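Comments concern the structure below.
Where a number appears in this text, it was derived from the coordinates with a stated rule and is not lab data. As the structure is a computational prediction, the values presented were derived from the model and not from experiment. Don't worry about glycine lacking a Cβ; one is built from the backbone with ideal geometry, like all the others, and counts go over all protein chains shown.
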Ligand code: FES
C-alpha cells in the first residue's frame, strides 16, 4: 500500500502521467534512490526499484495482473502494496507516497533511515 504523504517532506516531480503505460513500468532516480513507477487501474504506484534478492530493476520486469515479476529470478510482488509473494523476493517492497497533479507524477522519498541506501 502506498505510504501516507508527509506534510513535511518535499514532493519530487519524476515523470508525466502520459509517460506511464499499464504494461511497461518505468524507473526513475531521485536523490540516488531508484524507484519504479507502475500504472495500475489508472492509479500510479511508486515502489523501490531494486529487487531485494539481488541486483535487478523491477521496472524492467514483467507487469501483469497487478503483479510485477523480477526479470532476473522471477520474484513477484503486488504492485498495490509492495507485498512479496514468493520466498525468493525475501521481503516486501517499500512504497513511496505518490500523487498526480496536472498530469505530473510526484513522489516523496520518506524512507526510514535504516532503509536508505
Ligand atoms: S534479483 Fe530479483 S529475484 Fe533475483
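To the nearest 0.05, how large is the calculated FRET efficiency for residue 56 and residue 16 if R₀ is 35 Å and r is the Cβ-Cβ distance?
0.85
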Query raised in the report: By its C-alpha gyration tensor, with a ≥ b ≥ c as the square roots of the eigenvalues, how is region 1-70 shaped: rounded for a/c under 1.5, else prolate for a/b larger than b/c, else oblate?
Result: oblate
Requested in this report: With a/c under 1.5 counting as rounded, go ahead and sort the chain into rounded, prolate or oblate using the C-alpha gyration tensor (a ≥ b ≥ c being the square roots of the eigenvalues; past the cut-off, prolate if a/b is larger than b/c, else oblate).
Outcome: oblate
